[in-house]
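Heads up: the structure comes next, in structure tokens.
Bear in mind these aren't lab numbers, they're just calculated from the coordinates by the rules spelled out. Predicted, not measured: the structure shown is a model, and the values here were computed from it. Because the Cβ atoms are built from the backbone with ideal geometry, glycine has one as well, and the counts that use them run over all protein chains shown.
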Ligand code: HGY
Ligand code: MN
Ligand code: MN
């Protein structure tokens, strides 16, 4: 087994394999009309099976942990099986009506790295682990990073009693998936077992494209809050209740939603989104009695984010008081902004230079499992250019050349990290 040759390259056909697998993975969806793969669904099971096949073919032994992360391991050079691991990967779940690259590209770039080491019979001083996280988007149970937080031991227990849209409890969904909520602690990894976590991800923004660069180095990941808001008014007859006597929950929600937009429209890097709303009873001739909506609020600086969350909460309370509407707010998720590890960033920047590429360092407005993994290990991220910066949309797209550039810089970064 050769140790760390100077110019390690990806295997021939790696680029085509990544693009072909992107298509194969995209066919695993709960709808034939659009791509959607949610936590603990049969599609989650299918993608784990497929990813495990790819991992085995790359010379890894594989396992699925108690939350449903799928993990492949490629042992270190002295074949001791307890060498700390450099963990590479991303998430296998998607949003609803998703793009094909969000998450999946990172797992496939990580696989391409191990495939090249395995084919060239190279072992590193660290083990390599490729992980496909079970749930990063948090679509089904409104709490993101379920997979990575189970690994770090920061899994929020309040998820256990949550129900999905069909009323299925988290604990029951996990049981149906073949796991048991009592075993979740077995997914926790010791910090000593993981030397670093590196993730390749599409940028989901326009900067790399604007600069004409295929790959960039991430400096930090913005912090985020997610809230579930419920408004309770009084349903009534649309034709007979005078306007000044109404407790219209949907009209109150409309004011709240524009409040979110105005509070978040005056600061660089601060964003606020209401992505989902449900109004009941939902008939055109009935005044809305009940509304539920979500708020997603992010900023690069934690103090700005927390201040705006406070403004939104106070502002909504005032709106509802004036309209005699009852308001309930569940803070379903909070993550602080996280800086990427300086040493890993240097390894990535010298990898770019060694490939003759310009170096751009940029922040991430999107959340990533790397933000959760930073709780137990040093982490770094590479962004890959995506067309128009479009993401969380079926038009999301990446060229084969940029996809393989991401894998190549990841390989070079891993080798630099081992030096
Ligand atoms: O929402 C996000 O930032 C990520 O796509 N989960
Ligand atoms: Mn996403
Ligand atoms: Mn993602």
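Numerical summary
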{"quantity": "Mean Cβ neighbour count within 10 Å, used as a protection proxy, ranking 320-326, 253-259 highest first", "calculated": "253-259, 320-326"}
{"quantity": "Crossing angle, helix 42-57 versus the chain [Cα axis fit, 0-90 degrees, rounded to tens]", "calculated": "10 degrees"}
{"quantity": "Region 2-72: C-alpha gyration tensor shape, a/c 1.5 cut-off, then a/b vs b/c", "calculated": "oblate"}
{"quantity": "P(r) of the chain over all Cα-Cα pairs, binned every 10 Å from zero, in whole percent", "calculated": "5, 22, 30, 24, 12, 5, 2, 0, 0"}
{"quantity": "Fraction of alpha-carbon pairs over 20 Å apart in region 291-419 - percent", "calculated": "61 percent"}
{"quantity": "Rounded to 10°, Cα long-axis angle of helix 302-322 versus longest principal axis of the chain", "calculated": "20 degrees"}
{"quantity": "Sequence of 71, 131, 168 once ranked by neighbouring C-beta atoms within 10 Å, starting from the fewest", "calculated": "168, 71, 131"}
{"quantity": "Region 372-419, Cα convex hull volume normalised per residue, Å³", "calculated": "84 Å³"}
{"quantity": "Angle in degrees between helix 400-418 and the longest Cα principal axis of the chain, rounded to the nearest 10", "calculated": "70 degrees"}
{"quantity": "Euclidean distance of C-alpha centroids, region 307-331 and region 118-178, integer Å", "calculated": "32 Å"}
{"quantity": "Kirkwood hydrodynamic radius over Cα pairs of region 341-396, then Stokes diffusion coefficient at 37 °C and 0.692 mPa s, in µm²/s", "calculated": "250 µm²/s"}
{"quantity": "Region 192-262 - Rg and Dmax from Cα coordinates, angstrom", "calculated": "23.2, 68"}
{"quantity": "Region 1-126 - convex hull of the alpha-carbon atoms, volume per residue in Å³", "calculated": "100 Å³"}
{"quantity": "Shape category assigned to region 62-134 from the gyration tensor of Cα positions, a/c cut at 1.5", "calculated": "oblate"}
{"quantity": "Estimated [θ] at 222 nm from DSSP helical runs (n ≥ 4, -39500 (n - 2.57)) normalised by residues in the chain, nearest 500", "calculated": "-10500 deg cm²/dmol"}
{"quantity": "Shape of region 137-272, Cα gyration tensor, a/c cut at 1.5", "calculated": "oblate"}
{"quantity": "Descending Cα extents along the principal axes, region 223-335, whole Å", "calculated": "49, 21, 19"}
{"quantity": "DSSP beta bridges in the chain [antiparallel fraction, %, rounded to 5]", "calculated": "65 percent"}
{"quantity": "Cα centroid of region 26-91 to Cα centroid of region 201-267, whole Å", "calculated": "33 Å"}
